[in-house]
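Take a look at the structure set out below.
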Amino acid sequence: MRLLLPAILFLAACSGTNAPVSSTSTGTGTPGDLGSCNATALAGSIGQHVDTIRDRLPAPHRVLGPGTVVTQDFRPDRLNVYVNDEAVIERLTCG
């Protein structure tokens, strides 16, 4: 039992959450809060090539393509821009 608890805590710490763009924003810096990273302002860019909004991306941000290795640290002010193989924006999250 002593070994099981640390393993569970480790796995829980490694799990990340990214809330996709939605119409709700709480303003609290929680994973569901899309206002803290300006994702709601760019929601209309989903389906467009990332280069069309690159000059409007707030700092900090990261553009994540398929297979991109990312850190699991949660930063409520960071915008995550998920793109497909053609660099078309599929979703936006904060974290």
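Residue 85 satisfies every condition listed in (1) touching a residue at least 40 places away in the same chain (Cβ under 8 Å); (2) part of a loop (DSSP other than H, G, I, E, B) except (1). Within segment 41-59, being in contact with a helix residue (DSSP H, G or I) (Cβ under 9 Å, 6 or more places away or on another chain), surrounded by 14 or more Cβ atoms within 10 Å (Cβ to Cβ) and either part of a loop (DSSP other than H, G, I, E, B) or aromatic (Phe, Trp, Tyr) (or both) holds for 53, 57.
Taken over segment 70-91, the criterion of being hydrophobic (A, V, I, L, M, F, W, C) and modelled with pLDDT of 95 or more is satisfied by 79, 81, 83, 87, 88, 89. What do you reckon, is residue 63 modelled with pLDDT of 70 or more, surrounded by 15 or more Cβ atoms within 10 Å (Cβ to Cβ) and out of contact with any Pro (no Cβ under 8 Å at 6 or more places or on another chain)? Judged against the criteria, residue 63 is a match.
The values are calculated or read from the model by the stated rules, or taken from the named source; none is laboratory data. Keep in mind it's a predicted model, so treat the numbers as computed, not measured. As a convention, Cβ positions derive from the backbone with ideal geometry for all residues, glycine included, and neighbour counts pool all protein chains shown.
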